[in-house]
1. Considering only protein heavy atoms, what per residue accessible area in square angstrom results for region 133-195 with a 1.4 angstrom probe?
2. For region 241-314, what is the accessible area per residue in Å² when the probe is 1.4 Å?
3. What whole-number distance in Å separates the alpha-carbon centres of region 33-68 and region 253-314?
4. Kindly list the residues of region 293-310 that lie in the label zone of Thr192, defined by a backbone N under 12 Å from the point 7 Å along the Cα-to-C-beta vector.
5. Given the -39500 (n - 2.57) contribution per DSSP H run of 4+ residues, what per-residue ellipticity at 222 nm results for the chain, rounded to the nearest 500 deg cm²/dmol?
6. When the accessible area of the chain is computed with all protein chains present and a 1.4 Å probe, what percentage of it is carbon and sulfur?
7. Dividing the alpha-carbon radius of gyration of the chain by 2.2 N^0.38 Å (N being the number of residues), what value is obtained?
8. At R0 = 35 Å, how high is the FRET efficiency between Arg43 and Cys209 if r is their beta carbon distance? Nearest 0.05 is fine.
Amino acid sequence: MLQFEFDGHNSSEYGIIMTGITDNDNLESRSLQLGEKNRYRARENHFGTVYDDNYSFTLSIMKNPCTISNSVPSLRNGVLVYEEKYLPTLTNNTLIFPMGSTPSVDHGTLQMNDTYYLSSNNVRSINSWLMSPQVPRLFKIIGGEYFSENIEFFVTFTEVTTEHTSSPYEMNFTAVCDAPYGYTPEITYNITSSSTITRTCVINNTSDCYEDYIYPLIKISPKSHGTITIQNVTDNNGTMKINALKDDDFYIDCQHLKIYDITNSIISFEDLGVKDIDNIYWLRLAYGENELRFTGDATFELIYREPRKVGAFG
């Protein structure tokens, strides 16, 4: 059975499974950026393309039928004992039962009843989980046979509808991604260099966007005072050179063009000894192999994701 993970929580925690993904057929759409025709030019100048929309799909969920059952508590030493999955907790003098279970009284005995329908508590908990985040959060499909590698999406859920008879039994959520594609899980490279010996590392970028660059996040942990250099030989010898202090870790966010410390406070370029701000080089990875050279007494951690244009299917 298909499960999914969103914002760090698994669907199994809510007693539900994914029944299908629909409205997922438009994998990619782009518009041409063109100049204008005129009397002397019948052919427009081409300036590239722009994606029309981010990728989106509809996620359908229902209760996991394998967990549906009825249970009557047993009496042991004068105490009512429930199955572990139905075990209630006492909060503010109120019995709270696990999501997915519905208590009822039968012949004076409190027992647990599961149904295929979603109770109001079920709907409330699921909506709170999926519809609360205001910005895209990490989404993964678990157990599908379509993907040949793990694919992850950053998703915001924008709409929810139900399928119902007397009560709802299925919920449908519209998911809008933060890009026209998904990504690989985070890829990490760890490099240690010294002030006297240059360390070379070759990174193979297998992105599905051949003509675009990937801008990694770099964590730098200096081991002594001195100058640190990062050079991409493949990218026309682009080089970033900065001054670092011993044990003063910091991050270089090449995607968002900022440098900050472990408290998330921005570090000025002057503090790093960068004088020519207009010509600063932000490390980027071209498609294919990139030869990187690191100099300085420090350890480096490069973190990035590669785009994957495969869509979301179960």
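1. Roughly 53 Å² per residue, with all protein chains present.
2. It amounts to 53 Å² per residue over region 241-314.
3. Cα centroid of region 33-68 versus Cα centroid of region 253-314: 28 Å apart.
4. 298-300
5. Only helices count here, giving -1000 deg cm²/dmol.
6. Exposed carbon and sulfur together represent 47 percent of the surface.
7. Scaled against compact globular proteins, the figure is 1.38.
8. The calculated FRET efficiency here is 0.85.
The values are calculated or read from the model by the stated rules, or taken from the named source; none is laboratory data. Since we're looking at a predicted model, the values are computed, not measured. Because the Cβ atoms are built from the backbone with ideal geometry, glycine has one as well, and the counts that use them run over all protein chains shown. Side chains are part of the model used for accessible areas, which takes the heavy atoms of the whole protein and leaves out ligands, DNA and RNA. Shrake-Rupley method; radii C 1.70, N 1.55, O 1.52, S 1.80 Å.
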